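Working notes for the structure below.
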Amino acid sequence: AWDVRQFEQYMRELALCGANAVENIPFQDADPSPHMKLPRAEMNVALSEICQRYDQQYWLWTPAEFDLNDAELRRRAIEQHAELYKKCPRVDGVFFPGGDPGHNDPRQVLPFLAEVYQVLKPQHPQAKVWLSLQGFNQQQVEYTHQYIDDNEPAWLGGLVSGPSSPPIPATRQRLPARYPIRHYPDITHTVRCQ
């Protein structure tokens, strides 16, 4: 329930303590809170503006909590991404969790992320899409790695390793060296499940 000024102070203090990026969850508003000072869509842009002002990276965490085989829902999701990217002065990365939340197979996820990149790139040409393998079974993990090997996708910034992801050493061994790995320890879950 913070206003823009409070978020700016918080983000400035994070920077003073060494943080170089802020990650936002822009689309999860199924039940908007009456306590919020601004609608989420406006705050998403305000956070991007603050990051631009302080030269902080602005990342977005964007799961697909719908069936990617549904063409209409997929089309609307791409439109939602495009609208946000046009309004934000800064986007440095889009983090897509493979399976926490969302339960789509990488055969649908990877083409969807290529589409997301197509609406991201015109507005933010340096930004990339990152993928976590959270929730993927061994066959899905192998499919993803084979896709990366075969296609060398330009849209892929790298893989994100977090809770329920394959171990980082195994991922590093399997992933081509040009793609970095981001460690995502997900400290928000420490109280409940770790």
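Would you check which residues across the stretch 123-148 are aromatic (F, W, Y) and surrounded by fewer than 20 Cβ atoms within 10 Å (Cβ to Cβ) and list them? Give the steps one after another, and end with the answer.
Of all residues in the stretch 123-148, those aromatic (F, W, Y) come to 130, 136, 143, 147.
Passing the criteria: Y143, Y147.
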Of all residues in the stretch 1-55 being open to solvent by less than 50 Å² (accessible area, probe 1.4 Å), outside any helix (DSSP H, G or I) and touching a helix residue (DSSP H, G or I) at 6+ places or on another chain (Cβ under 6 Å), the one that is farthest from C88 (Cα to Cα): V22
Report, by residue number, each residue of the stretch 75-90 that is part of a helix (DSSP H, G or I) and crowded, with 19+ Cβ neighbours inside 10 Å. A77, H81, L84, Y85
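Being on the phi > 0 side of the Ramachandran plot and without any contact (Cβ under 8 Å) to a residue 60 or more places away in the chain: is that true of D55 here? Give the steps one after another, and end with the answer.
Details: on the phi > 0 side of the Ramachandran plot: yes; without any contact (Cβ under 8 Å) to a residue 60 or more places away in the chain: yes.
So D55 passes the test.
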Can you run down the residue pairs with Cβ atoms below 7 Å, 6 or more apart or on separate chains, where the first is in the stretch 98-125 and among the acidic types (D, E) and the partner is at pLDDT 95 or above? D105/Q140; E115/I78
Run K128 past the list (1) touching a strand residue (DSSP E or B) at 6+ places or on another chain (Cβ under 9 Å); (2) charged (D, E, K, R); (3) touching a residue at least 40 places away in the same chain (Cβ under 8 Å) and report the number of the one that doesn't hold. (3)
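Looking at the stretch 91-114, which of its residues are farther than 23 Å from E142 by Cβ and not in a loop (DSSP other than H, G, I, E, B)? It would help to see each step written out before you state the result.
Taking the stretch 91-114 and keeping what is farther than 23 Å from E142 by Cβ, we get 91-94.
Within the stretch 91-114, G93, V94 qualify.
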By residue number, the members of the stretch 71-114 that are in contact with a Phe, Trp or Tyr (Cβ under 9 Å, 6 or more places away or on another chain), closer than 20 Å to G135 by Cβ and of a type in the set (S, T, N, Q) are N104
Among (1) open to solvent by 30 Å² or more (accessible area, probe 1.4 Å); (2) modelled with pLDDT of 95 or more; (3) out of contact with any Gly (no Cβ under 7 Å at 6 or more places or on another chain); (4) under 18 Å from G98 (Cα atoms), the one test that N151 misses: (4)
Could you tell me which residue of the stretch 171-194 is surrounded by the fewest Cβ atoms within 10 Å (Cβ to Cβ), considering only residues that are outside any loop (DSSP other than H, G, I, E, B) and either modelled with pLDDT of 95 or more or touching a strand residue (DSSP E or B) at 6+ places or on another chain (Cβ under 9 Å) (or both)? Q173
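The values are calculated or read from the model by the stated rules, or taken from the named source; none is laboratory data. Since this is a predicted model, take the numbers as computed values, not measurements. Counting neighbours? That spans all protein chains shown, and the Cβs are built from the backbone with ideal geometry, glycine included. We work out accessible area using only protein heavy atoms, side chains counted, and drop any ligands, DNA or RNA first. Shrake-Rupley method; radii C 1.70, N 1.55, O 1.52, S 1.80 Å.
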